[in-house]
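Remarks on the structure that follows.
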């Protein structure tokens, strides 16, 4: 079964979904930024994502002054995977 994706923009200050679209990739994320004017995009200061290059590249294109952060869920998942590998080796 082919995986299904959804791209979701969340305001972390208000814990609300701001925008969502089926799929993933730059072509899915770009419409979100294109609906914002320059002033709105300049107000975005921090963005978190799962580390996918297409997210960071798209965000930097539309919001060049943004600080990009890897989301905590993926950091924990990646660390857990590495720890499991080390435990297996030991």
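When the residues of segment 1-17 are filtered to those that are in a strand (DSSP E or B) and either in contact (Cβ under 8 Å) with a residue 12 or more places away in the chain or in contact with a helix residue (DSSP H, G or I) (Cβ under 6 Å, 6 or more places away or on another chain) (or both), which remaining residue is farthest from residue 58 (Cα to Cα)? I'd like the intermediate steps shown before the answer.
Applying the first criterion (in a strand (DSSP E or B)) to segment 1-17 yields 6-11, 16-17.
Those left that are additionally either in contact (Cβ under 8 Å) with a residue 12 or more places away in the chain or in contact with a helix residue (DSSP H, G or I) (Cβ under 6 Å, 6 or more places away or on another chain) (or both): 6-9.
On the way: 6: 16, 7: 13, 8: 14, 9: 13 Å.
Ranking the candidates gives 6 first.
The conditions are (1) surrounded by 10 or more Cβ atoms within 10 Å (Cβ to Cβ); (2) assigned to a helix (DSSP H, G or I), and residue 24 fails exactly one of them. Which is it?
(2)
No lab work stands behind these numbers, since they all come straight from the coordinates. Predicted, not measured: the structure shown is a model, and the values here were computed from it. Quick reminder, even Gly has a Cβ in these numbers, built from the backbone with ideal geometry, and neighbours come from all protein chains shown.
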